[in-house]
Amino acid sequence: MEAHTMVLSTAKVAIPEVTTVEFVTGLINRGLTQVEYFGVEIDNHCDIVSDDMQQLSSEITYIDIHFDSEQGIDSDSLNETEADNMALNMLQECRAEIRTDSKDITIYL
């Protein structure tokens, strides 16, 4: 098994008290997210955010999606649409454990 992380970002959104897969897929389907990182598992999205982006972080909602795969994924070869479709498919097909704080969402598949 290989551990992967996909980090999506969007302008800061009001996160519902009970956050669902449908809420996250709605953001992706409406084109409100962009892929910030896709690769080997990271512990914290701040590990991949540059210093100048750190200042803007308070206005951004990060959606961290952690998952395992049987085989490696060449994440560099995927474009934004392919990465979004992969995220949407995984969110629909896998049982998601969703955790939130005041501005970010973490999903374990």
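The values are calculated or read from the model by the stated rules, or taken from the named source; none is laboratory data. Computed from a prediction, not measured in an experiment: that's the story for all the values here. Quick reminder, even Gly has a Cβ in these numbers, built from the backbone with ideal geometry, and neighbours come from all protein chains shown.
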*Name every residue in the range 70-98 that is over 14 Å from Leu8 (Cβ atoms) and surrounded by fewer than 12 Cβ atoms within 10 Å (Cβ to Cβ), in order of residue number.*
Glu70, Gln71, Gly72, Asp74, Asp76, Ser77, Asn79, Asn89, Gln92, Glu93, Arg95, Glu97
*Filter the range 12-22 for residues that are touching an Asp or Glu at 6+ places or on another chain (Cβ under 9 Å) and modelled with pLDDT of 95 or more and give the result.*
Ile15
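Quick grid of which residues meet (1) modelled with pLDDT of 95 or more; (2) over 14 Å from Ile28 (Cβ atoms):
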position: Gln54; (1), (2): no, yes
position: Ile60; (1), (2): no, yes
position: Asp68; (1), (2): no, yes
position: Ser77; (1), (2): no, yes
position: Glu80; (1), (2): no, no
position: Asp84; (1), (2): yes, no
position: Lys103; (1), (2): no, yes
*Look through the range 7-41, keep the residues that are assigned to a helix (DSSP H, G or I) and without any contact (Cβ under 8 Å) to a residue 40 or more places away in the chain, and return whichever of them is surrounded by the most Cβ atoms within 10 Å (Cβ to Cβ).*
Leu27
*Output the residues belonging to the range 64-97 that are hydrophobic (A, V, I, L, M, F, W, C) and in contact with a strand residue (DSSP E or B) (Cβ under 8 Å, 6 or more places away or on another chain).*
Ile65, Phe67, Ile73, Leu78, Ala83, Met86, Ala87, Met90, Leu91, Cys94, Ala96
*Quickly run through the range 12-41 and pick out the residues that are over 27 Å from Gly72 (Cα atoms), touching a strand residue (DSSP E or B) at 6+ places or on another chain (Cβ under 6 Å) and β-branched (Val, Ile, Thr).*
Val13, Ile15, Thr19
*So which residues in the range 64-82 are outside any loop (DSSP other than H, G, I, E, B) and touching a His at 6+ places or on another chain (Cβ under 9 Å), if there are any at all?*
Asp64, Ile65, His66, Phe67, Asp68, Ser69, Ser75
